[in-house]
Amino acid sequence: MALLDFLNNNKKNENAPQITPVLPKDIYAEGELRLADAIAPAALKVGAKEIELGEKVSRSFYTISYPRFLVDSWFTPIINLDKVFDIGIFIHPVETGSALRGFQKKVAEIESQIADREEKGLVRDPMLDTAYRDLEALRDQLQQAEEHIFEVGLYLTLYGNTKEELDKIEGDVRGILDAKLVYTKPALFQQEQGFRSTLPLALDELEVRSKLNSSPLSSIFPFVSFDLTSDRGILYGINRHNASLILFDRFSLENYNSVVFAKSGSGKSYAVKLEVLRSLMFGTDVIVIDPEREYEYLAQATGGRTFNISLSSEHHINPFDLPPVKEDEEPGDILRSNIINLVGLFRIMLGGLTPEEDAIVDRAITETYALKDITGDSDFTGVEPPLLSDFENVLSGMEGSESLVTRLSKYTHGTWSGFINQPTNIDINKQFIVFSVRDMEDELKPVAMYIITHYIWNAVRHELKKRLLVIDEAWWMMKSEDTASFLYSVAKRGRKYYLGVATITQDVEDFLKSPYGRPILTNSSMQLLLKQSPTTINVLKETFNLTDEEKFLLLESGVGEGLFFAGLKHVAIKIVASYTEDQIITSDPSQLLAIKKEKDRQESGA
């Protein structure tokens with residue numbers, strides 16, 4: 001401070017600049033980062049036709065006139081345009097009395113012009129007649145408070161990387177509007193005011209307005225974009241129309257089911273695993289029937305449990321198991337339902353049944369349960385159920401059952417005896433359960449998936465929870481009419497038990513050819529169509545009433561891209577995962593190998 005005092009008080013150099021001390025708080029305030037500093041461009045240059053904002057260029061326009069009629073959603077093509085732009089809509093109400101006085105003068109002018117033409121013997125002018133009728137009709141509506149008048153300013157600011165790109169975007173936008181007889185002009189020498197008018201500041205600095213009544217004004221309503229966003233649910237992906245988020249809750253729809261159709265390698269399992277992971281975070285119990293062991297790592301990462309079902313597996317499910325009888329249920333109804341499902345299972349296991357064999361099997365199942373004191377007249381909760389070998393013993397003592405016993409023997413004494421002729425030894429009390437059938441022989445996969453689905457269904461009926469059942473490669477179940485019928489029954493009745501069924505398949509034609517394929521699709525409020533092959537696209541186009549543009553979109557989509565249907569709405573979707581999610585759910589062999597090597601390296605280092 002002594003030096004400052006010296007310089008300020010030095011009378012010998014009166015012309016020297018005076019130095020004012022700067023306080024520390026002023027230095028801090030000067031260096032403090034403000035919000036405006038963070039969002040402002042590095043440089044700004046205002047021109048007559050555009051503004052240079054750092055590396056971007058912007059150009060603003062205002063609307064000068066509208067056609068006589070505006071149809072609903074005429075502004076939708078602009079809102080959903082795949083470009084970067086801002087829209088400002090300013091609506092200023094006009095007092096009805098003032099508007100009526102203005103209309104009265106205008107009507108008088110038009111009447112005068114019409115009368116003048118009649119006096120001169122000129123031909124009738126249709127434009128004047130139309131204007132007169134419109135004004136009179138609007139005056140009546142204003143008088144009866146059916147309509148109101150507003151001064152409306154509609155402004156657009158377009159952005160581009162170069163002036164050439166901006167010219168092209170301008171041509172696209174103005175071309176769309178011109179085709180609808182909505183005319184715009186660039187805000188020449190008012191680009192700064194136009195830019196600020198489209199910022200979220202509620203400042204109408206252009207003040208270029210047109211008078212509109214309520215009906216045409218409502219047609220400009222901006223929130224008509226292809227959005228599938230709700231206030232709850234999980235993120236399914238990004239809307240490719242406008243880059244908005246597709247947030248949805250399947251449990252808010254009329255039913256909770258979904259189907260996923262896609263060709264191999266298009267990302268269908270990836271998309272479903274991402275939904276599973278995000279659903280688990282919101283407390284939904286998830287059960288997966290996994291034919292390719294793709295969900296095992298996801299189960300490990302989330303603390304779930306995996307059961308490998310195969311001929312040599314230590315995990316077994318007894319198809320004769322019965323759920324406990326609840327207070328609102330009758331034992332006879334549960335037993336009867338289980339017998340019907342078992343008859344369907346034996347049709348699959350034994351390669352079909354004749355009507356006579358069907359009756360014998362039905363009677364044999366009933367008698368097998370009766371040997372264990374399980375009848376429709378008693379509560380069988382806690383009673384040990386019979387095994388397949390018990391059923392075989394009963395069946396062998398019945399007349400006309402020789403062929404049935406012979407075909408059944410391979411499941412009780414032959415190569416496949418370890419599969420289902422065992423008591424159930426699994427427990428699905430975890431939030432995430434995976435049943436893997438990859439190591440099961442192809443011939444037995446439909447049988448295994450039927451038994452697993454039946455076991456899950458009994459558990460679902462016993463305890464009410466929000467659950468999601470994922471059936472990957474569902475075409476295995478559609479190969480047999482009985483398995484397809486049971487899957488349809490679960491999908492149809494699942495809503496009563498808070499169950500959503502997600503059906504995934506790459507064999508679209510086989511799925512839809514089944515008599516239960518389309519009913520399952522009809523009972524699914526959500527559908528996800530990813531990249532399709534040319535051989536199946538026409539089937540999907542007919543099934544989902546796709547436009548030609550949507551058809552080509554599915555043919556040309558990349559991995560994880562397609563169409564997402566929810567209820568009556570559908571949008572183009574791109575599945576997006578975070579890095580951590582991707583590491584957990586990926587099915588890419590190269591990524592899986594890299595993860596395995598890194599895991600082995602860490603374990604060896606430890």
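Values as computed for the structure displayed
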| quantity | calculated |
| --- | --- |
| Helices (runs of 4 or more DSSP H) wholly inside the stretch 397-477 that include at least 3 residues being closer than 18 Å to Asn338 by Cβ | 445-462 |
| Checking Ile433 against (1) β-branched (Val, Ile, Thr); (2) within 22 Å of Met349 (Cβ to Cβ); (3) modelled with pLDDT of 85 or more, the condition it does not meet | (2) |
| Hits in the stretch 304-316 - residues which are modelled with pLDDT of 90 or more and not in a strand (DSSP E or B) | Gly304 |
| Filtered residues of the stretch 391-415 (kept if surrounded by 13 or more Cβ atoms within 10 Å (Cβ to Cβ) and without any contact (Cβ under 8 Å) to a residue 40 or more places away in the chain) | Glu392, Asn393, Val394, Leu395, Ser396, Met398, Val405, Ser409, Lys410, Thr412 |
| Identity of the residue in the stretch 119-151, free of Cβ contacts under 8 Å to residues at least 12 places away in the same chain and among the hydrophobic types (A, V, I, L, M, F, W, C), that ends up nearest to Gln104 (Cα to Cα) | Ala137 |
| Test set (1) of a type outside the set (Val, Ile, Thr); (2) over 21 Å from Asp482 (Cβ atoms); (3) surrounded by 20 or more Cβ atoms within 10 Å (Cβ to Cβ) - Arg293 fails condition number | (3) |
| Checking Gln300 against (1) assigned by TED's automatic domain parsing to the domain that holds Glu473; (2) surrounded by 13 or more Cβ atoms within 10 Å (Cβ to Cβ); (3) of a type outside the set (Ser, Thr, Tyr); (4) touching a residue at least 60 places away in the same chain (Cβ under 8 Å), the condition it does not meet | (4) |
| Any strands (runs of 3 or more DSSP E) falling wholly within the stretch 102-220 and containing at least 2 residues that are more than 30 Å from Ala40 (Cα to Cα) | 149-160, 210-213 |
| Options Gly97, Gly88: the member that is assigned by TED's automatic domain parsing to the domain that holds Leu177, within 21 Å of Pro216 (Cα to Cα), part of a strand (DSSP E or B) and small (Gly, Ala, Ser) | Gly88 |
| Inter-residue pairs, beta-carbon under 9 Å, first touching a residue at least 60 places away in the same chain (Cβ under 8 Å) and in the stretch 540-562, second assigned to a loop (DSSP other than H, G, I, E, B) and surrounded by fewer than 17 Cβ atoms within 10 Å (Cβ to Cβ), 6+ apart | Val559/Gly265; Gly560/Val576 |
| Only one of Asp582, Asp600 that is exposed (fewer than 11 other Cβ atoms within 10 Å of the Cβ) and either in the same structural domain as Glu294 (by TED's automatic domain parsing) or closer than 15 Å to Lys263 by Cβ (or both) | Asp600 |
| Number of positions in the stretch 530-570 that are among the small types (Gly, Ala, Ser), more than 17 Å from Asp507 (Cα to Cα) and over 13 Å from the mean Cα position of the chain (by Cα) | 2 |
| Tally of residues being surrounded by fewer than 16 Cβ atoms within 10 Å (Cβ to Cβ), in contact (Cβ under 8 Å) with a residue 60 or more places away in the chain and over 33 Å from the mean Cα position of the chain (by Cα) across the stretch 152-175 | 2 |
| Selection within the stretch 237-282 - farther than 25 Å from Gln532 by Cβ and among the polar types (S, T, N, Q) | Ser252, Ser279 |
| Residues of the stretch 246-289 that turn out to be in a strand (DSSP E or B) and at pLDDT 90 or above, as a count | 9 |
| Residues (surrounded by 14 or more Cβ atoms within 10 Å (Cβ to Cβ) and not in a loop (DSSP other than H, G, I, E, B)) located in the stretch 59-76 | Arg59, Ser60, Phe61, Tyr62, Thr63, Thr76 |
| Some residue of the stretch 302-313 being among the small types (Gly, Ala, Ser) and either under 18 Å from Val460 (Cβ atoms) or under 17 Å from the mean Cα position of the chain (by Cα) (or both) | yes |
| Test: residue in the stretch 319-333 that is in a helix (DSSP H, G or I) and surrounded by 14 or more Cβ atoms within 10 Å (Cβ to Cβ) | yes |
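Conditions tested, residue by residue: (1) small (Gly, Ala, Ser); (2) more than 28 Å from Arg461 (Cβ to Cβ); (3) under 45 Å from the mean Cα position of the chain (by Cα).
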position: His315; (1), (2), (3): no, no, yes
position: Ile334; (1), (2), (3): no, no, yes
position: Val343; (1), (2), (3): no, no, yes
position: Ala364; (1), (2), (3): yes, no, no
position: Glu384; (1), (2), (3): no, no, yes
position: Arg407; (1), (2), (3): no, yes, no
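The values are calculated or read from the model by the stated rules, or taken from the named source; none is laboratory data. As the structure is a computational prediction, the values presented were derived from the model and not from experiment. Cβ: placed from backbone, ideal geometry, glycine included. Neighbour counts: every protein chain shown.
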